Every structure is written in C-alpha cells, then in structure tokens.
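Below is one structure, written out as structure tokens; the observations come after it.
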Amino acid sequence: MLYQLFETQRALMSPFAEFASASGRLYSHPLSPFSQTPLSQRVSAGLDLMHRLAKDYEKPEFGIRGVEVDGIEVAIQELVPLTKPFCRLLRFKRYTDDLTVLAKMKDQPTVLVVAPLSGHHSTLLRDTVRQLLKDHKVFITDWTDARMVPLAAGAFSLDDYIAYVQEFIRLLGPECHVISVCQPTVPVLAAISLMASNGEQTPRSMTMMGGPIDARLTPTSVNNLATTKPYSWFENNVIYRVPTNFAGAGRAVYPGFLQHTGFVAMNPDRHATSHYDYFLDLMRGDDDGAEAHRQFYDEYNAVLDMPAEYYLDTIKTVFQDFALVNGTWEVQGQLVRPQDIRGTALLTVEGELDDISGAGQTRAAHGLCSGIEAEHRYHYDAIGAGHYGIFAGRRWRDHVYPEVQGFIAKYDRPSAAAPATAKKRA
C-alpha cells in the first residue's frame, strides 16, 4: 500500500512542480515585466528550489560524448553488446581518425566495471567511466529498474547476479580486468571464485573499491540497520508490489524511494544546507554553483527499485550470516572458495572517511584470497576520501585513478611498471 500512496503523492505533486518551474521563469526571464520587481530574484530562486524538491527524477544519461586520449579528442558511442532481463552490458566505443591514437587504443586493456545495484543507476559511476576511457576499453553493467521488468521475466536473486557477472566476464574473455564498486565487490568475488574452482580462466586483475567484503569490521549505520533487525522485519516492512502503472506491475521489490529516504536520513543537515546554499547561489547569480548542485542532485535523486529476492538475499548473506568470510556461502549448491583464485591480481581501495563501507571491510578480501601470491596483492587507502570520493571527483581523478591505472597496466603487460604508490602490499 505504501508504494501506491507514494505514486499518488508523486502524481499530485507533478502539476505543482511544473507550476513552480513556469512561475520561476516568469520572475527570471529578462523580457518578463515581473523580473523587474524588487523581490523578483528571491521569488524566482524560491520557486526554482520548490520545483526541484517536488519534481520526479528520471534516470540520467551518461552523456559522455568524447574524451581526450594523448591530447586528441576522440568520440564516444554507447553500444549494447548483451542485453539481459535485469541488466544491459554497455560498451563505450571510442572513435578517432588519428591512426597513431587509434593503434594505441586498440592495444589498451579491456575493463569491466560492475556498477552497484543498490538504489542508484549505473550513471553514478559516470566520472569513473570518463576517467577510465582515457587509457582503457570500458564496459559497464547497466542495471534495469526492477519496476520496469515484467513478471514474465521471472525472479532475480543474488545467485542470478553472480551468473550475470560470470557471463559478462566470459564474453569479454580472460584478458579483461574487473573493477567492482561498493555493493558488487561481494558477488564479483564470488563469481570469480566459482570460475576458479571450476577450472575456468579468470580475469587478469580485480579491483575492489569500498565494498562490504567483511561487514563485521568497523560497522557503519548501514551495517547496523541490517544486523539489528531480523530477516523477517525486512520481509514484512520494506518489500512492496510495483503499482499497475509500470511494466513490472505486481513484482515484489525494495522501492528506490525507501533507499533514497535512508540515504538522506544519514545526513539530513548536510542536505538541508546544500539546498539552502543552492537558493543563495541563485540569489547571487552564481550559475556555476547552482549548476553543480543540479548535476549532483539530478543523479542522487534518481533511484531504482531492486528485486525483492536479490535485496533479501544480500541482507542475509552479506550482512547477517557473513557467509563469504565464514566460508559457508553456497551458490547453486557449490561452495564459494576465494582461496581457489590463483592467476588474478588483486587491488583493494578504501576511503579514509567512508561512512558506508567501514575501514577494513574491503581490505578483508586479501585474507580470503590466500591463493594469490602476496606480491600480486595490493591495497590503497584514499586519504581524505569519503565513499563517493574513491570513484568520483577530484580525489578519484588525482589520487585513486593513477593507482588503479598503474595496477591494471602492470598485469595487462607483465613487463609494465608497478603502480607508483600502491607498492605497499596488504
């Protein structure tokens, strides 16, 4: 019933949001007589803020049209090599007429970025993809909003997630490198472990960033919620049926608006201050500051529903049973054994100020992957970085990315130089 009430509220607020937007332009357009009144800028800023607080946020685009490679601007086109009911595999194909740059790009490493399925769209990793494209061929998992998947497509569990990752890795081949950000670190490690146990070739390297490999270590508010509530509480309180106005009508999901509410509740003062600063930026005519706010919240407020089976599996397996670190996790009847991984190098990355995946949770992968020799395992702490700072923004571009790029280069070409500062072994 809660989902239906939310949709009713959204429908009622939609005309108000559009009215606020139109009225705001009436007080800001230079040709409007209302823009000449003494309080026009204040009124326009208030109406604009109301519009953004009341509007519905759709899935954003990646919007990456080009990147610079060796000083040459190359064009980017999004391709879809493989489509599954709950995910598309996206490729960012690079094009250039410069033969020297083209030859270099063809020889660059192939990277599979496994985006989180945890409430936000994969476009949250836009900055990650844009930076990687300078030195790599990039693919990314683009997860589908569960409310848009018809019931006929069947259920989607954590086991299915792992099967998807394995299929994508097999498609790209063992020469690829896998990067998992936040939530997928656990299923990606399971996917590669199972491939190793079955004698399949595994990727050349795996980079795990800010994920709950061992959620017992330095628990955060996210971990505490999952451990203080029984499994039955999640079944009875956060799972709802998709309303009839969506393609996935009747599907059981964990709604994105609940996840978004939880994110905001973690730092309500910070969000309130951010919206007030946006109002002041509009008042002062600071277009750059206002646009930065819009870009962030266009992404942050766009959320998706997660399949109920997958969400509940994750709660139980990762945050309650700690099945991976306890060695009790079975996928389709087969035990997950990270110690069976041999030929894949490992890099873990953590943010010093990460309030979603606490310190040590990602680094715990080194203790599990005992089959990987110590000289092929690295850890990097991003000083001053929060959760988002390890894959987006200045700290990602200036500090984390050079480590990731050097690590991938080393294990794509055995003779390449080791990472500059990631030489400290875990």
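Things worth noting here:
- Among residues of the range 87-100 that are more than 22 Å from LEU304 (Cα to Cα), those with a Cβ under 9 angstrom from a residue that is in a strand (DSSP E or B) and acidic (Asp, Glu), sequence gap 6+ or separate chain, pair up as PHE92/GLU78; LYS93/GLU78; THR96/GLU73.
- Taking helices (runs of 4 or more DSSP H) as the structural unit, those lying wholly within the range 185-243 and holding at least 3 residues that are polar (S, T, N, Q) and within 23 Å of ALA265 (Cβ to Cβ) correspond to 221-228, 231-237.
- For the range 248-262, taking the residues that are in contact with a strand residue (DSSP E or B) (Cβ under 7 Å, 6 or more places away or on another chain) and in a helix (DSSP H, G or I), the one that is surrounded by the most Cβ atoms within 10 Å (Cβ to Cβ) is identified as GLY256.
- Every residue from the range 166-186 that is within 16 Å of the chain's Cα centre (by Cα) and crowded, with 24+ Cβ neighbours inside 10 Å: VAL178, ILE179, SER180, VAL181, CYS182, PRO184, THR185, VAL186
- Applying the condition of being in contact with a Lys or Arg (Cβ under 7 Å, 6 or more places away or on another chain) and not aliphatic (A, V, I, L, M) to the range 317-354 and asking which residue is farthest from ARG413 (Cα to Cα) yields PHE322.
Let's see how each residue does on (1) in a helix (DSSP H, G or I); (2) at pLDDT 95 or above; (3) out of contact with any helix residue (DSSP H, G or I) (no Cβ under 6 Å at 6 or more places or on another chain); (4) more than 20 Å from LEU172 (Cβ to Cβ):
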| position | (1), (2), (3), (4) |
| --- | --- |
| LEU49 | yes, no, no, yes |
| ALA75 | no, yes, yes, yes |
| LEU90 | no, yes, yes, no |
| LYS93 | no, yes, yes, no |
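- Test: SER180 is of a type in the set (Ser, Thr, Tyr) and outside any strand (DSSP E or B): no
- Considering only residues in the range 187-230 that are within 25 Å of the chain's Cα centre (by Cα) and among the hydroxyl-bearing types (Ser, Thr, Tyr), the one that is surrounded by the fewest Cβ atoms within 10 Å (Cβ to Cβ) turns out to be SER221.
- Scanning the range 128-147 for residues that are outside any loop (DSSP other than H, G, I, E, B) and farther than 12 Å from THR110 by Cα turns up THR128, VAL129, ARG130, GLN131, THR141, ASP142, TRP143, ALA146, ARG147.
- Residues that are aliphatic (A, V, I, L, M) and in contact (Cβ under 8 Å) with a residue 60 or more places away in the chain within the range 2-48 comprise LEU2, ALA45, listed in sequence order.
- Counted as qualifying within the range 263-369 are the helices (runs of 4 or more DSSP H) with 1 or more residues that are assigned by TED's automatic domain parsing to the domain that holds ASP145 and within 17 Å of the chain's Cα centre (by Cα), namely 308-314.
- Verdict on ALA152 being assigned by TED's automatic domain parsing to the domain that holds LEU324 and free of Cβ contacts under 8 Å to residues at least 24 places away in the same chain: yes
The values are calculated or read from the model by the stated rules, or taken from the named source; none is laboratory data. Being a predicted model, the structure only gives us computed values, none of them experimental. Neighbour counts are summed over all protein chains in view; Cβ atoms, including those assigned to glycine, are modelled from backbone coordinates with ideal geometry.
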